[in-house]
Each structure stands twice: as structure tokens, then as C-alpha cells.
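Have a look at this one before I ask anything.
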Amino acid sequence: MSLTLLESAIWLIGFQLLGEALARFFGLPVPGAVIGMLLLFIVLVVKKDIPDALRENVPPFLAHMSLLFIPAGAAVLHWKDDLARAGWPLLITLVVSVVATWLVSALVLKAMLGKGGAHGQ
């Protein structure tokens, strides 16, 4: 294992553990991994730089990210009867969340383009 791979693992696992600790300590209803990811994002934004270890080693992880959906797919098959009973509320929630995501993304894009154009002019 290369040193940069070890460094990137320390970054990612460290922030996940920090998020888990905060979620449990404060009894938050948000998964610790999500809190850790948010904290990592904040640190990277404040630093205005991505460490070389992350820049080099995260893309291969992202390339295999689809493997993370296998447990979710297995859960859907396991709970299919319960999901069928809650079909309409789930479908409505899914449609509303997708439309809301599109709208927010469009508004953010419009705001960003209004500040400096497509090329930061």
C-alpha cells in the first residue's frame, strides 16, 4: 500500500469516525458517515485545496461506487412487501425530492452564472 493511499484512507476514515462520534454523542438522527462527509467538505472548502493523497486516490473509489448499491438492492428485495404497501407515498416522495433537487440545482447554477459568467469573467 502506498503512503498516499494510506493518507487518503486516514482522511476518509478519520472524518467518518469523527462524524460517527458526533452523531452518537449528540444523539443526532443523521448517520455519522453523512456528518463526517459534510465535515470533510467544510474542511476542504476552508483550506481551498485538496490534499494530494485525496486527489490521487479518491477517483478509483468513485469508479467502483456502484458496488455500494448492492446492499440497498438486496434490502429492497427483502422488504418488497412492506415497500409495496407504502408504494404511493414513496413514489410521491421520490418525485417531489427529484423535482426539488432540480430546482435547487438550477437556482444555484443561475446564481453562479450571474456572479461571473461561465468562465469567471
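Quick check: is even one residue across the stretch 70-92 β-branched (Val, Ile, Thr) and within 30 Å of THR4 (Cβ to Cβ)?
yes
Going by the structure shown, is ILE10 of a type in the set (A, V, I, L, M, F, W, C), surrounded by 10 or more Cβ atoms within 10 Å (Cβ to Cβ) and in contact with a helix residue (DSSP H, G or I) (Cβ under 6 Å, 6 or more places away or on another chain)?
When the stated conditions are applied, ILE10 does not pass them.
Take the residues of the stretch 45-78 that are under 18 Å from the mean Cα position of the chain (by Cα) and not in a helix (DSSP H, G or I): which is surrounded by the most Cβ atoms within 10 Å (Cβ to Cβ)?
Restricting to residues being under 18 Å from the mean Cα position of the chain (by Cα) and not in a helix (DSSP H, G or I), the top hit is ILE50.
Kindly evaluate ILE42 against the criterion of being within 15 Å of the chain's Cα centre (by Cα), assigned to a helix (DSSP H, G or I) and loosely packed, with under 12 Cβ neighbours inside 10 Å.
yes
Where a number appears in this text, it was derived from the coordinates with a stated rule and is not lab data. Predicted, not measured: the structure shown is a model, and the values here were computed from it. Note that each Cβ is placed from the backbone with ideal geometry, even for glycine, and that neighbours are counted across all protein chains shown.
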